[in-house]
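Reviewing the structure listed below.
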Amino acid sequence: MVREKCKHSWKMTNVRDGFIVTERCYHCNKLRVFFSYEEVPPKDEYKEGEHYWNYAGSAQSFKFDMECTKCGKSVSFESLMGLMHCVGCNARCHLNILSQIGEMQNIWLFAALAYHLGNEIDLPIENLEVLTDYFTSRLRTPGKKILVVPGSLRHDPDTCRGEMLKDVGMLSLTPET
């Protein structure tokens, strides 16, 4: 395997606003999550095959890509829904176990959650590495590190009570000082 020579310095590019939309089929109770670029999140009820989809909620969000400021390499994050921090709700959860081990090493673990239309998928390893590099480079605490891992490490996505990372000032109309 050929290693890249560039020591990448990542920045967010191609930032696009929209909504994370959740729908549930009231027939089979299946859940699906997708991103909408519409100005108002879609709330239509509709039938698709054997499923009867109903609006279950939405949250304002954004999508982005990453670009290296040194070599120009670009990585797409089209399928990234968000990053989640484990709160330790299940002792058998792989994410919980790894988070506890990481804490002892000054490593904060975050699960990268991808949009899914039924089955959970993971982001490619390259994307996890880029996110790890990007967020770790922004830390100001010496000795701390962030590690971004696959969302499939959660024991049960339907009962996981992890905390999603959010941009606290995202909806503010007042510029940050």
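Report summary: the helix-based calculation at 222 nm, which adds -39500 (n - 2.57) for every DSSP H run with n ≥ 4 and divides by the residues of the chain, gives -4000 deg cm²/dmol. Shown is the FRET efficiency for M12 and S152, computed with R0 = 25 Å from the Cβ-Cβ distance and rounded to the nearest 0.05: 0.55.
Which angle between 0 and 90 degrees, to the nearest 10, do you get for helix 94-104 versus the longest principal axis of the chain when only C-alpha atoms count? Taking the Cα atoms of the chain, the angle to 94-104 is about 30 degrees. Segment 10-164 gives an Rg/Rh value of 1.00, both radii derived from C-alpha positions and Rh following Kirkwood.
Sparse packing (at most 14 other Cβ atoms within 10 Å of the Cβ) combined with a DSSP loop state is found for the following GluC sites (Glu not before Pro) in segment 15-49: E38, E39, E45. Give the range of the longest stretch in the chain that excludes all chymotrypsin sites (Phe, Trp or Tyr not before Pro) found in loop regions by DSSP and having at most 15 other beta-carbon atoms within 10 Å. Longest gap between qualifying sites, sites excluded: 38-177. Within segment 1-93, the trypsin sites (Lys or Arg not before Pro) that combine a DSSP coil assignment with at most 15 other C-beta atoms in a 10 angstrom radius are R3, K5, K7, K30, K43, K70, K73, R92. What the Cβ-Cβ distance of T159 and S137 gives, at R0 = 25 Å and to the nearest 0.05, is a FRET efficiency of 0.15. A straight chain from N106 to N29 at 0.36 nm per residue would run longer than the Cα-Cα distance by 23.8 nm. Straight Cα distances below 23 angstrom link K63 to the lysines K11, K43, K73, K166, with same-chain residues fewer than 8 positions distant left out.
Subtracting the Cα-Cα distance of V40 and K145 from 0.36 nm times their residue separation leaves 34.1 nm of extension gain.
In angstrom, the C-alpha Rg and Dmax of segment 63-151 are 13.9, 43.
Using 0.36 nm per residue and subtracting the Cα-Cα separation, the extra length available between E78 and T22 on full extension is 18.5 nm.
For segment 10-164, the relative contact order is 23 percent, taking Cα pairs closer than 8 Å that sit 6 or more residues apart in sequence and dividing their mean separation by the residue count.
Dipole orientation for the chain: of the candidates G102, S76, G49, G102 has the Cα lying most toward the positive pole (charges on Cβ; Lys, Arg +1; Asp, Glu -1). Measure nothing but the geometry: give the 0 to 90° angle between the long axis through the Cα atoms of 125-137 and the longest principal axis through the Cα atoms of the chain, rounded to 10°. Helix 125-137 sits roughly 60 degrees off the main axis of the chain. Across the alpha-carbon set of segment 1-88, the Rg to Rh ratio works out to 1.14, Rh being the Kirkwood radius.
What base-10 log of the normalised intensity I(q)/I(0) is obtained for segment 37-110 from the Debye formula, alpha carbons as equal point scatterers, at q = 0.11, 0.17, 0.22, 0.25 Å⁻¹? At q = 0.11, 0.17, 0.22, 0.25 Å⁻¹ the computed log10 ratios are -0.59, -0.96, -1.00, -1.07.
Bear in mind these aren't lab numbers, they're just calculated from the coordinates by the rules spelled out. As the structure is a prediction and not an experimental result, all values here were calculated from the model. We place every Cβ from the backbone using ideal geometry, glycine too, and count neighbours over all the protein chains shown.
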